[in-house]
Amino acid sequence: MSTIHVPDEVSRIFSLASTDSPSHARLANELVRLISPSASMSVSASHTTKKPSHGADSLVSNESLDQWLSAVWSCILCMLATKRVARVPAQKSLGFVQAVIKALSTKPVKLGEKFGVIDDQFFVNFLLEHLSQGAFAKQAHVRYRVCQMLFVLLNHVSEIDDDMHERLKILLIQRSRDKDTHVRIQASLALTRFQGPSDDIDEEIVSILVELMSADPSPEVRKALLWNIEVSSESLLPLLQRAADVDGGVRRMVYLKFAACLPDMMQIPREVRVALLDLGFRDRDPGVRKKCRAMVCDKWWKSREWDVLEFLREIDITSPSAVDTLTELLAANCVDVDFVSEKLWGEQISPEFVFFAFVYVKHLSEIQAEDKIHEILPSLSEMADTISKFNSMIKSPPSSESVPVIEFITTKLLQIVAHHDFSDEMGRRRITRVLTELMTCADLPTENLTHIIHIMQKMAVKESEVLLIVVDAVCDIDDSSDPSKFGENVSFAARNFLILQQMDSDLQRLLTAMQCLEIIRALFERIEKKFAIENMNLFLHTYESDNNDGKKVALQIIFDLVMVHGADVLEMDALVYVTKHSLELDELELVTLAVEGAAKLHIMKFLSDAETSLAQVAATAFMAVSVAYDGTDAPGVLPPNEIAAQIVEWTDNRRVVRNEDDKQTALQTASNASEVSSKEAMAEALPLRTGHAILAVELLEVMLKNPAILKDAVRMLNTLHVDCGFLDSDRRRICRLAEDVEPMLAVDSLSLKGLKR
């Protein structure tokens, strides 16, 4: 017979528990029984002697308890020293501690003298008191284990005294900013246990958790906080912001969080749910889109017995994600389409219904189920009548509040018609007449012109038929703006009243010209290349003869056509003239448009023959914008620093691929170099005259002429790429001009440092 030594027995039990998870409950009961004074009784070495039973009626001395607690704490200290790589033993030891807590909660032990109870709360508070002293250990893995155990223990605390609560809270806040990522994860998890119940949230803790979730550099920390933070009015928007996190795992976790905590979308404010869908369905990560789709189809839709039109009323059908949301529901067979009836196409038509019809028809077209399209759509003549009715409402809206709804329905009806079957001859004639009337409506949104042209192209046999319809519409618009249309029988007073009601004649002609140009632009965006070439002179004439507003529209059309169809739609001389002429004008909006278009044409090599003159004029244009810019954010006008950034990016030769013409230019430059025998080798080795070299020279010359742009120009100079790709002549010229500019910056030390760099 031998006597059991409590510390040795406790050590033996912890050792077994770190290797055998299934026996945790049995070992925990053995550990609890060691608190009894009879643990020191003489037992056999094989431990086969019958052990005394203990329960709530067992009485324990203070000495026996102190010995047991000391032995248990020694074993836990050994566990705290475990490296992070020993994950399995540490996890099993943590699991055993939880098993001991559970055993004490079911079978508490009484003290012998004061009749206090040794239960799970007594044991947890004992560990919390001692663990708090190890949170500032020098070794990172010790701090990690301490915070890890604190997180586990705080899950079992029912109440804690105020001093301990405050001490642990401060400790965990400090450790949540630890330099070690793993420590921050465990500390942040433990800190989430101080948020309080949902009806009594600790706003101070929530604000700290929100700050950590938004600012911590580690995505693992952000994910841990995101999943464990309580959803409340204070944390809802920060949780939404994580849907735009740089890490894809964090973004996926956002949709898992909302699906788990808020399965009913009516629990979420409308603005938040719309933003959540916009970010989710437009995310670049397919995993994020998948989680967003699962949230909508598996949680939001199934949380209620939704009617699809009612569901659409609860999301913003004008948002970019609305189409994706409904498409995913249709693809998952969640929506029953048997509710569609003639009344919904007629007197009960609504924005939600036409939106549903458009998305459903588009979905059927993508999966090539055209037969189902004919089942849901009314005849082409009926569609024409509906569009005609809304065209009348656009001209004379019932109220100003109804205008956006009318325009939305009209747009969706046009998009639906584009998927219709045009085999009905009477329907084609009717829809053509209605579309022509709609095209001449001055209040029609510009985007609808593209839909109208698209429908006409699908119906027409030849492109020329569409062109004739557009020409007739433009002529009708031009005729309607002539004051002589009132006739000779109208009195002078009545004629003046009607003219004043229509606006001033000059302004009316300008608006008419703009409307005609928008129609022609919509046509040329969808028309074949040969028609663009044949009618380019029309836009050049408009650019030459019109005012600045007309020039802007014509210039946009010219740049768009060149970018879509290539530089051969317009003669190079004409393209260079229009570009240079626009850059030299005083109108800020026109200069901004010209700089953007010219730089894009440069990077696309459409203006490669005029590269030098382009960079020179671009620098001059930058000077004009910098001098004239008054600091206001006018529509369509970019500030000088943004224009500078665009010029620098789009004139960077590193972004342009060299072609044979570039090599030939370099070969001609090297023709007088007698020391190089092989001109072909020289063409490969000799640098070209880069756009940044030209910009640097021209900017420095402009700075000498106009000191008002010194600061902006120096900032732009520091963004240029200067390396061995410059010609020696350009490099010498830049250095010489910089020396001339330097005295002008004597009073501006910051700009002077920038110039020296």
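Restricting Val405, Val337 to residues that are of a type outside the set (Asp, Glu) and open to solvent by 50 Å² or more (accessible area, probe 1.4 Å) narrows the list to Val405. Taking residues in the stretch 227-242 that are crowded, with 19+ Cβ neighbours inside 10 Å, and partners anywhere that are hydroxyl-bearing (Ser, Thr, Tyr), the pairs with Cβ atoms closer than 7 Å and at least 6 places apart or on different chains are Ile229/Thr192; Ile229/Ser235. Of the residues making up the stretch 417-462, those that are in a loop (DSSP other than H, G, I, E, B), charged (D, E, K, R) and either under 22 Å from Tyr360 (Cα atoms) or touching a residue at least 12 places away in the same chain (Cβ under 8 Å) (or both) number 3. Only residues that are touching a Leu at 6+ places or on another chain (Cβ under 6 Å) and more than 24 Å from Lys372 (Cβ to Cβ) were counted across the stretch 383-436, and they come to 1.
Per the conditions (1) open to solvent by 20 Å² or more (accessible area, probe 1.4 Å); (2) out of contact with any Leu (no Cβ under 8 Å at 6 or more places or on another chain), the sole criterion not satisfied by Tyr360 is (2).
Only one of the numbered conditions (1) more than 15 Å from Thr386 (Cα to Cα); (2) open to solvent by less than 70 Å² (accessible area, probe 1.4 Å); (3) more than 37 Å from the chain's Cα centre (by Cα) is not met by Met439, and that is (3). Summed over the stretch 79-103, residues that are touching a residue at least 40 places away in the same chain (Cβ under 8 Å), over 23 Å from Ser158 (Cβ atoms) and either of a type in the set (A, V, I, L, M, F, W, C) or touching a Pro at 6+ places or on another chain (Cβ under 9 Å) (or both) total 5. Among the residues making up the stretch 560-571, those that are over 13 Å from Ala598 (Cα atoms) and not small (Gly, Ala, Ser) are Leu561, Val564, His565, Asp568, Val569, Leu570, Glu571. Answer yes or no as to whether Val157 is open to solvent by less than 10 Å² (accessible area, probe 1.4 Å), in contact with a helix residue (DSSP H, G or I) (Cβ under 8 Å, 6 or more places away or on another chain) and among the β-branched types (Val, Ile, Thr). In short, no. Out of Glu347, Glu342, Glu310, Glu305, one residue alone is loosely packed, with under 13 Cβ neighbours inside 10 Å and either among the β-branched types (Val, Ile, Thr) or in contact (Cβ under 8 Å) with a residue 24 or more places away in the chain (or both). It is Glu342. Scanning the stretch 568-579 for residues that are open to solvent by 20 Å² or more (accessible area, probe 1.4 Å) and within 14 Å of Leu540 (Cα to Cα) returns Glu571, Met572, Asp573, Ala574, Val576, Tyr577. The set of residues in the stretch 179-214 being outside any helix (DSSP H, G or I) and surrounded by fewer than 13 Cβ atoms within 10 Å (Cβ to Cβ) consists of Lys179, Pro197, Ser198, Asp199, Asp200. In the stretch 466-482, the count of residues that are closer than 30 Å to Ile376 by Cα and at pLDDT 80 or above is zero. With respect to being surrounded by fewer than 15 Cβ atoms within 10 Å (Cβ to Cβ) and more than 19 Å from Gln348 (Cα to Cα), Ser392 falls outside the description. Just to be sure, is Leu191 over 16 Å from the mean Cα position of the chain (by Cα) and of a type outside the set (S, T, N, Q)? The answer is yes for Leu191. Applying the condition of being touching a residue at least 60 places away in the same chain (Cβ under 8 Å) and within 16 Å of Leu104 (Cβ to Cβ) to the stretch 65-74 and asking which residue is surrounded by the fewest Cβ atoms within 10 Å (Cβ to Cβ) yields Ala71. When the stretch 324-335 is filtered for residues that are assigned to a loop (DSSP other than H, G, I, E, B) and touching a residue at least 12 places away in the same chain (Cβ under 8 Å), the ones remaining, listed by number, are Ala332, Cys334, Val335.
The rows are residues; the columns are (1) closer than 23 Å to Asp324 by Cβ; (2) of a type in the set (Asp, Glu); (3) under 31 Å from the mean Cα position of the chain (by Cα).
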position	(1), (2), (3)
His374	no, no, no
Leu377	yes, no, no
Met383	no, no, no
Thr386	no, no, no
Asn391	no, no, no
Ser399	no, no, no
Pro404	yes, no, yes
Thr411	yes, no, yes
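Could we say that Thr318 is open to solvent by less than 60 Å² (accessible area, probe 1.4 Å) and either within 27 Å of Pro378 (Cβ to Cβ) or not charged (D, E, K, R) (or both) here? So Thr318 does not fit the description; no. Just so you know, in the stretch 215-224 the residues that are open to solvent by 20 Å² or more (accessible area, probe 1.4 Å) and assigned to a helix (DSSP H, G or I) include one that is nearest to Val274 (Cα to Cα), and it is Lys223.
The values are calculated or read from the model by the stated rules, or taken from the named source; none is laboratory data. Just so it is clear, the model here is predicted, and its values are computed rather than measured. Cβ sites come from the backbone with ideal geometry, for glycine too, and all protein chains shown count toward neighbours. Heads up: the accessible areas ignore ligands, DNA and RNA and are worked out on the full protein's heavy atoms, side chains in. Shrake-Rupley method; radii C 1.70, N 1.55, O 1.52, S 1.80 Å.
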